Amino acid sequence: MGWVSGDEFAILLKGMDEGDAVAHVRELAERLSKSHFDEGDERFSCSVSIGMALIKSGVGTEDILSQAVSAASQVKKNGGD
């Protein structure tokens, strides 16, 4: 996992086919949506919008990240998570 910019992070799921990656990402989103933290008397919940991009031969890193960011933006437009 690595920080990309702002509130964007990238995770490389090595050795997974698309179906396994989708299942893994759904589990991650579910776990994050159930998490929270307390600060003083306030409780804060977490949310996540995840975009995926498959790594294909000949496609550069910037293009792959751009595809994932675009996918996450679409998820946000549709209500997140």
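The values are calculated or read from the model by the stated rules, or taken from the named source; none is laboratory data. If you're wondering where the values come from, they're calculated on a predicted model, not measured in any experiment. Cβ atoms come from the backbone with ideal geometry, glycine included; neighbour counts cover every protein chain shown. The protein model used for the area step is the full one, side chains on, heavy atoms only, and it has no ligands, DNA or RNA in it. Shrake-Rupley method; radii C 1.70, N 1.55, O 1.52, S 1.80 Å.
Among the numbered criteria (1) without any contact (Cβ under 8 Å) to a residue 60 or more places away in the chain; (2) part of a strand (DSSP E or B), which one does Ala23 miss?
(2) is the only condition that Ala23 fails.
Criterion first (in contact (Cβ under 8 Å) with a residue 12 or more places away in the chain, on the phi < 0 side of the Ramachandran plot and not aliphatic (A, V, I, L, M)) does Ser57 satisfy it?
no
Of Val59, Val48, Val25, which residue is hydrophobic (A, V, I, L, M, F, W, C) and touching a Ser or Thr at 6+ places or on another chain (Cβ under 9 Å)?
Matching residue, one of Val59, Val48, Val25: Val48.
Mind counting the residues in the range 32-75 that are outside any helix (DSSP H, G or I), within 17 Å of Glu18 (Cβ to Cβ) and open to solvent by 60 Å² or more (accessible area, probe 1.4 Å)?
Qualifying residue count, the range 32-75: 5.
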